[in-house]
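To keep things clear, I will list the structure first and then write my remarks on it.
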Amino acid sequence: LREQLKFNNDFDNKYIDVYTAHCKDTTIRKSSTSGGLITALVAALIRNKEYDSAFVLDWHGPGDMPARLKETSSPKGIYASAKSKYIPSSVFNVIRALQEDNKSRYILTALPCQVYAVRKVMKYQQIEEDKILFLGLFCDCNLNYNFIKYLNWKYGRKDEKLIGLDYRVKDRLGWPGNVKIYFDSGRELLIDRSVRMVVKRYFQLKRCLVCLDKLNQFADISFGDCYISGEGDPLGKSNVIIRTEIGKNIFDRYLPLFTVRSENINKIKLSQHFSQ
């Protein structure tokens with residue numbers, strides 16, 4: 001089984017290859033949070049009909065509630081879901097699709113807790129593992145909905161309401177990106193990323209306080225921002241951890257989409273502030 005329902009001492013589980021990489025398509029890269037790899041890879045897999053559809057988080061503001069991973073089979077839907085959203089989101093649609101359709105194959109882009117939950121359901125219901133390609137995101141604690149209320153209270157005016165939110169955009173200064181909020185008055189405001197980092201401790205989910213899976217160890221491929229010293233780039237780069245043979249086969253075949261170089265897993269862990 002690909003699934004290993006236990007943690008090892010390094011909290012990063014098995015891996016096959018490790019890379020620092022970015023998407024060659026500059027348009028995709030600019031519109032993504034970091035290197036644009038997931039967007040480019042998922043769109044290509046769907047376009048080539050290797051998978052029937054993908055579950056992504058296409059969420060842009062408080063009006064889009066509840067936040068649920070949504071199924072899409074169009075590149076347009078995949079491109080619309082680019083960028084990180086630090087918000088609790090449900091895998092309800094994923095579970096329902098697995099239970100109702102025994103023929104389709106899916107791609108799931110998800111946080112560590114979501115990957116773990118879906119794998120547990122698949123194991124319990126004896127669903128074949130290759131039904132889903134798991135593309136995992138690095139995660140350093142998610143934010144609850146009170147963060148949105150805070151932004152509205154802190155930066156909104158009495159005659160307007162917050163209707164849109166980008167947690168990280170590359171406007172002006174590039175990667176790693178600042179928060180951008182949109183009001184129904186038409187006003188837009190760019191907020192320095194330091195604000196999000198400072199209030200993060202106050203708006204964390206309780207589940208995040210006991211999570212040990214920062215590098216998404218149960219995914220087929222794990223992706224995250226590249227914070228390795230000296231590798232910064234205004235357009236963004238990603239670290240990639242290939243964890244399974246299925247993930248390796250996929251990534252190797254679509255390698256022409258990316259600019260890659262081999263990386264050291266310990267450099268990634270150091271950049272992600274793992275205790276040594």
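Quick look at the values:
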item: Breaking point among (1) in contact with a strand residue (DSSP E or B) (Cβ under 9 Å, 6 or more places away or on another chain); (2) on the phi > 0 side of the Ramachandran plot, for Gly230; result: (1)
item: Boolean, Tyr86 is under 17 Å from the mean Cα position of the chain (by Cα) and open to solvent by 40 Å² or more (accessible area, probe 1.4 Å); result: yes
item: Residue within region 207-224 that is open to solvent by 50 Å² or more (accessible area, probe 1.4 Å) and either farther than 18 Å from Pro88 by Cα or at pLDDT 95 or above (or both) present; result: no
item: Filtered residues of region 114-126 (kept if crowded, with 16+ Cβ neighbours inside 10 Å and among the β-branched types (Val, Ile, Thr)); result: Val115, Val118
item: Test: Gly136 is touching a Phe, Trp or Tyr at 6+ places or on another chain (Cβ under 9 Å) and within 19 Å of Thr33 (Cβ to Cβ); result: yes
item: Residue match in region 133-140 (condition: free of Cβ contacts under 8 Å to residues at least 60 places away in the same chain and either over 16 Å from Phe55 (Cα atoms) or not basic (Lys, Arg) (or both)); result: no
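The values are calculated or read from the model by the stated rules, or taken from the named source; none is laboratory data. Worth saying up front: this structure is predicted, and the values here are computed from it rather than measured. Backbone-built Cβ (ideal geometry, glycine too); neighbour counts: all protein chains shown. Heads up: the accessible areas ignore ligands, DNA and RNA and are worked out on the full protein's heavy atoms, side chains in. Shrake-Rupley method; radii C 1.70, N 1.55, O 1.52, S 1.80 Å.
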